[in-house]
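Colleague: There's a structure below that I have some questions on.
The values are calculated or read from the model by the stated rules, or taken from the named source; none is laboratory data. Just so it is clear, the structure is predicted and the values come from calculations on it, not from any experiment. Ideal geometry is used to build each Cβ from the backbone, glycine not excepted, and the neighbour counts take in all protein chains shown. Accessible surface areas use protein heavy atoms only, side chains included; no ligands, DNA or RNA. Shrake-Rupley method; radii C 1.70, N 1.55, O 1.52, S 1.80 Å.
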Amino acid sequence: MAVETRFGEDQLMRAQEVTLGRTFVVVFDHGDDFYTALSQFCQQNNLRAGYIPSFIAGFAEVDLVGTCDRLDDPQAPVWSKVHLRNVEAFGAGTLAWDPETAQVKPHIHVAVGVKEQSATGYTSHLLGAKVQFLTEMVVVEVVEPELLRIQNAELYDVPLLRFR
C-alpha cells in the first residue's frame, strides 16, 4: 500500500512497501562502458526494477553532473558535465522502468577520488564511465510494485521515481 505524507502545503513524501526478488553480485570488466554493461545485465536477467545498495569501481574516465559556471536558475537541474580520469568510485542507485523507451533507467550517484590529485573528491550524478580494472556491485531486484521512471514536466522534465 502506497503512503503519501504531506509536510506543509507543497512538500510530499511518497513511500511504498516493496517485495524483493533476486539478489545479484555483478562484476564489470576492464574497458567496459559502465551503463552499457549495466543495461546488458538487466536485459540478460529480465530485471526491470531494483536498487544498488553500493558498488566500488575504478574508472579510467568518468562524466559527472557539474559546472563551474554561474547558474541562472539555481533551482533548475544542471545538465552539464565534469570529465575526470583515473578515479576510484563508491556509488549507489535505483533502477526503474521507463515506459516511454521500454528500457531500465538507472539513477546513480557516486563519490570519486582522482588518484593523481591526492584523491581529490567529487560527488554527483553519474552520467557515464569507462571501467578501469573493475566494478563490483550488488543489485537487488524489486518485484512489486512496478518502479517507473517518468519525466515530470513541472520540474524541468527531471525523470522521477514512481510506483505502480
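Colleague: State the label only: which of (i) 46, 33, 25; (ii) 45, 43, 41; (iii) 48, 43, 26 corresponds to Cα extents along the principal axes in Å computed from the shown model?
Modeller: Computed from the coordinates, Cα extents along the principal axes in Å corresponds to (iii).
Colleague: MET13 versus ARG85, label points 7 Å from Cα toward the beta carbon: distance in nm?
Modeller: 4.5 nm
Colleague: Further question: Subtract the Cα-Cα distance of LEU134 and VAL27 from 0.36 nm times their separation in residues, and report this length gain in nm to one decimal. Walk me through the intermediate numbers first.
Modeller: Working: separation 107, 0.36 × 107 = 38.52 nm, distance 0.70 nm.
Contour length minus Cα-Cα distance gives 37.8 nm.
Colleague: Would you mind telling me which residue in THR94, THR135, THR120 has the biggest mean-square fluctuation in a Gaussian network model of the chain, where springs connect alpha carbons within a distance under 10 angstrom?
Modeller: Sorting by GNM fluctuation, first place goes to THR120.
Colleague: Cα centroids of the range 109-133 and the range 40-68: how far apart, whole angstrom?
Modeller: Rounded to whole Å, the Cα centres lie 13 Å apart.
Colleague: Report the residue, chosen from ALA89, ALA102, ALA129, that carries the largest GNM mean-square fluctuation when the chain is represented by alpha-carbon nodes joined by springs under 10 Å.
Modeller: ALA102
Colleague: Along Cα→Cβ, 7 Å out, is where each label goes; now give me the distance between the ones at VAL143 and HIS109 in nm to one decimal.
Modeller: 3.0 nm
Colleague: Here is a further query. Give the relative contact order (percent, whole number) for the range 44-103; include only Cα pairs under 8 Å separated by 6+ residues. Before the final figure, lay out each step's value.
Modeller: Details: 78 pairs, mean separation 29.6, N = 60.
Result for the range 44-103 is 49 percent.
Colleague: In addition: Could you work out which residue, out of PHE133, PHE59, PHE28, moves most in a Gaussian network model of the chain, that is, has the largest mean-square fluctuation with Cα springs under 10 Å?
Modeller: The residue that fluctuates most here is PHE133.
Colleague: Within a Cβ distance under 14 Å of LYS115, other residues only, what is the Lys/Arg minus Asp/Glu net charge? Could the numbers behind the result be given before it?
Modeller: Details: positive: ARG85; negative: GLU61, GLU88, GLU116.
Spelling it out: positives minus negatives among the neighbours equals -2.
Colleague: Further question on the same structure: If we count every other residue with Cβ under 9 angstrom of LEU127's Cβ, Lys/Arg +1 and Asp/Glu -1, where does the sum land? Intermediate values should be presented prior to the final figure.
Modeller: Details: positive: LYS81; negative: ASP63.
In short, 0.
Colleague: How many nm is it between the label spots at LEU155 and SER118, if each spot is 7 Å from the Cα in line with the beta carbon?
Modeller: Rounded to a tenth, the inter-label distance reads 3.8 nm.
Colleague: With a cut-off of at most 12 other beta carbons within 10 Å, and DSSP calling the residue loop, which trypsin sites (Lys or Arg not before Pro) in the range 13-93 qualify? Please list them. Don't skip to the answer; put the middle values down first.
Modeller: On the way: sites: ARG14, ARG22, ARG48, ARG70, LYS81, ARG85; in loops: ARG48, ARG70.
Counting only loop positions with at most 12 other Cβ atoms within 10 Å, the trypsin sites (Lys or Arg not before Pro) in the range 13-93 are ARG70.
Colleague: For HIS109, HIS30, HIS125, write out the residues from largest to smallest accessible area, computed with a 1.4 angstrom probe and no ligands counted. Intermediate results must be reported in sequence, preceding the final value.
Modeller: On the way: HIS109 85, HIS30 120, HIS125 50 Å².
Solvent-accessible surface, decreasing: HIS30, HIS109, HIS125.
Colleague: What lysines does LYS105 reach when the alpha-carbon gap must be under 26 Å and sequence neighbours fewer than 8 apart in one chain are set aside?
Modeller: LYS81, LYS130
Colleague: Loop-only check: which GluC sites (Glu not before Pro) in the range 92-137 are DSSP coil with at most 15 other Cβ within 10 angstrom? Working shown, then result.
Modeller: Details: sites: GLU100, GLU116, GLU136; in loops: GLU100.
Here the sparse-neighbourhood loop sites are GLU100.
Colleague: Could you work out the relative contact order of the chain, using alpha carbon pairs under 8 angstrom and six or more residues apart, expressed as a whole percent? Before the final figure, lay out each step's value.
Modeller: Working: 375 pairs, mean separation 51.7, N = 164.
Rounded, it is 32 percent for the chain.
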